[in-house]
Amino acid sequence: TLNDKEILLLKKYDKDIERFDIVVIKYGNSKLVKRVIGLPGESVSYHNNLLTIDGNHFKEPFLGKVTTDDFNFEDICDVDKCPDGKIPEDYYLVLGDNRNDSNDSRNKKFGLVYKDEIQGLVIFRMWPVNKFGKI
(Lines give C-alpha, C1' and ligand atoms only; values in the text may rest on other atoms or scores of the structure.)
Protein backbone atom coordinates (compact mmCIF):
# COMPACT_ATOMS: atom_id res chain seq x y z
CA THR A 1 0.00 0.00 0.00
CA LEU A 2 1.21 3.45 -0.86
CA ASN A 3 0.80 6.41 1.48
CA ASP A 4 0.40 10.19 1.17
CA LYS A 5 3.64 12.16 0.73
CA GLU A 6 5.53 9.27 -0.88
CA ILE A 7 7.46 10.22 -4.01
CA LEU A 8 6.92 7.86 -6.93
CA LEU A 9 8.60 7.44 -10.31
CA LEU A 10 6.12 7.00 -13.16
CA LYS A 11 6.46 5.56 -16.61
CA LYS A 12 4.33 8.20 -18.32
CA TYR A 13 4.11 7.30 -21.97
CA ASP A 14 3.50 3.58 -21.81
CA LYS A 15 -0.11 2.75 -22.59
CA ASP A 16 0.54 -1.01 -22.51
CA ILE A 17 -1.35 -1.49 -19.27
CA GLU A 18 -1.54 -4.94 -17.68
CA ARG A 19 -3.60 -6.44 -14.89
CA PHE A 20 -2.35 -5.51 -11.41
CA ASP A 21 -0.29 -2.55 -12.66
CA ILE A 22 -0.38 0.41 -10.28
CA VAL A 23 -1.38 3.58 -12.11
CA VAL A 24 -1.81 7.27 -11.39
CA ILE A 25 -5.17 8.59 -12.56
CA LYS A 26 -6.25 12.14 -13.15
CA TYR A 27 -9.48 12.56 -11.20
CA GLY A 28 -10.87 16.08 -11.24
CA ASN A 29 -8.18 18.36 -9.81
CA SER A 30 -6.34 15.56 -8.06
CA LYS A 31 -4.36 12.45 -8.87
CA LEU A 32 -5.18 9.05 -7.42
CA VAL A 33 -3.13 5.86 -7.25
CA LYS A 34 -5.07 2.68 -8.07
CA ARG A 35 -4.44 -0.88 -9.19
CA VAL A 36 -5.69 -2.09 -12.58
CA ILE A 37 -7.95 -5.10 -12.07
CA GLY A 38 -10.05 -5.37 -15.24
CA LEU A 39 -8.93 -4.86 -18.83
CA PRO A 40 -10.96 -3.96 -21.94
CA GLY A 41 -13.20 -6.83 -23.04
CA GLU A 42 -13.40 -8.47 -19.61
CA SER A 43 -16.20 -8.99 -17.11
CA VAL A 44 -15.12 -8.69 -13.46
CA SER A 45 -16.85 -9.68 -10.22
CA TYR A 46 -16.06 -10.42 -6.57
CA HIS A 47 -17.81 -13.03 -4.46
CA ASN A 48 -16.65 -14.36 -1.11
CA ASN A 49 -13.50 -12.23 -1.43
CA LEU A 50 -12.53 -13.97 -4.68
CA LEU A 51 -11.72 -12.03 -7.87
CA THR A 52 -13.33 -13.57 -10.95
CA ILE A 53 -12.58 -12.38 -14.46
CA ASP A 54 -14.40 -14.02 -17.36
CA GLY A 55 -15.05 -17.06 -15.16
CA ASN A 56 -11.42 -17.46 -14.06
CA HIS A 57 -10.31 -16.89 -10.46
CA PHE A 58 -7.32 -14.69 -9.64
CA LYS A 59 -5.33 -14.41 -6.42
CA GLU A 60 -4.24 -11.00 -5.15
CA PRO A 61 -1.32 -11.68 -2.81
CA PHE A 62 -0.54 -7.95 -2.55
CA LEU A 63 -3.75 -7.44 -0.51
CA GLY A 64 -2.71 -9.45 2.53
CA LYS A 65 -5.74 -9.72 4.82
CA VAL A 66 -7.70 -6.91 3.14
CA THR A 67 -11.15 -8.02 2.03
CA THR A 68 -13.24 -6.87 -0.92
CA ASP A 69 -17.02 -6.51 -0.72
CA ASP A 70 -19.02 -8.59 -3.20
CA PHE A 71 -20.07 -7.01 -6.49
CA ASN A 72 -21.18 -8.05 -9.96
CA PHE A 73 -20.03 -6.30 -13.12
CA GLU A 74 -23.55 -4.93 -13.62
CA ASP A 75 -23.14 -3.06 -10.30
CA ILE A 76 -20.25 -1.13 -11.85
CA CYS A 77 -21.23 -0.58 -15.47
CA ASP A 78 -24.83 -0.16 -16.59
CA VAL A 79 -26.07 -2.07 -19.60
CA ASP A 80 -26.33 1.17 -21.64
CA LYS A 81 -22.55 1.76 -21.25
CA CYS A 82 -21.54 -1.91 -21.28
CA PRO A 83 -24.22 -3.64 -23.38
CA ASP A 84 -22.26 -6.89 -23.74
CA GLY A 85 -21.47 -7.06 -20.01
CA LYS A 86 -17.77 -6.35 -20.58
CA ILE A 87 -15.40 -3.44 -20.05
CA PRO A 88 -15.51 -1.29 -23.22
CA GLU A 89 -12.45 -0.77 -25.40
CA ASP A 90 -9.97 1.78 -23.95
CA TYR A 91 -11.44 1.53 -20.41
CA TYR A 92 -10.12 -0.12 -17.25
CA LEU A 93 -11.58 -1.24 -13.94
CA VAL A 94 -9.38 0.00 -11.09
CA LEU A 95 -9.50 -0.63 -7.35
CA GLY A 96 -7.53 0.76 -4.44
CA ASP A 97 -5.53 -1.72 -2.39
CA ASN A 98 -7.18 -0.33 0.75
CA ARG A 99 -10.50 -1.75 -0.46
CA ASN A 100 -12.55 -0.73 2.58
CA ASP A 101 -11.67 2.97 2.18
CA SER A 102 -11.13 3.55 -1.54
CA ASN A 103 -12.86 5.69 -4.12
CA ASP A 104 -12.53 3.48 -7.19
CA SER A 105 -14.43 1.80 -10.05
CA ARG A 106 -16.95 0.28 -7.64
CA ASN A 107 -18.36 3.78 -7.16
CA LYS A 108 -20.57 4.60 -10.18
CA LYS A 109 -19.57 8.28 -9.98
CA PHE A 110 -15.93 7.20 -10.34
CA GLY A 111 -16.64 4.33 -12.73
CA LEU A 112 -14.40 2.75 -15.29
CA VAL A 113 -11.28 4.73 -16.18
CA TYR A 114 -10.64 5.90 -19.74
CA LYS A 115 -7.07 5.27 -20.96
CA ASP A 116 -6.35 9.00 -21.41
CA GLU A 117 -7.09 9.60 -17.71
CA ILE A 118 -4.17 7.35 -16.80
CA GLN A 119 -1.14 9.58 -16.22
CA GLY A 120 1.39 6.78 -15.97
CA LEU A 121 2.44 3.48 -14.43
CA VAL A 122 4.02 3.54 -10.97
CA ILE A 123 7.34 1.72 -11.25
CA PHE A 124 9.49 2.95 -8.37
CA ARG A 125 9.13 4.50 -4.90
CA MET A 126 11.75 7.18 -4.30
CA TRP A 127 10.67 8.41 -0.84
CA PRO A 128 10.72 7.62 2.02
CA VAL A 129 14.21 6.18 1.83
CA ASN A 130 13.35 3.16 3.99
CA LYS A 131 10.77 2.10 1.36
CA PHE A 132 12.97 2.93 -1.66
CA GLY A 133 12.58 0.40 -4.45
CA LYS A 134 10.59 -1.10 -7.28
CA ILE A 135 6.82 -1.24 -6.85
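The values are calculated or read from the model by the stated rules, or taken from the named source; none is laboratory data. Keep in mind that this is a model prediction, so the values were computed, not measured. Cβ atoms come from the backbone with ideal geometry, glycine included; neighbour counts cover every protein chain shown. Note: accessible area is taken over every heavy atom of the protein model, side chains too, but ligands, DNA and RNA are not part of it. Shrake-Rupley method; radii C 1.70, N 1.55, O 1.52, S 1.80 Å.
Structural remarks
- Aspartates and glutamates with Cα under 18 Å of residue 65, excluding same-chain neighbours fewer than 8 positions away: 97, 101
- Residue 58 exposes around 60 Å² of accessible area when a 1.4 Å probe is run over every protein chain in place.
- Spread of Cα-to-Cα distances over 10 Å intervals beginning at zero, given as percent, for the range 71-110: 29, 55, 16
- Listed pairs 31/59; 59/86; 59/81 exceeding 24 Å between Cα atoms: 31/59; 59/81
- Full extension of the chain between residue 116 and residue 54 gives 19.8 nm of extra length, using 0.36 nm per residue less the Cα-Cα distance.
- Heavy atoms of residue 22 accessible to a 1.4 Å probe, total area in Å² rounded to 10: 30 Å²
- Largest-first principal axis extents of the Cα set of the range 27-100 (Å): 36, 35, 17
- Packing here is the average count of other Cβ atoms within 10 Å per residue, and on that basis the peptides 107-113, 69-75, highest first, run 107-113, 69-75.
- Percentage relative contact order, the range 49-129, counting C-alpha pairs under 8 Å, at least six apart: 23 percent
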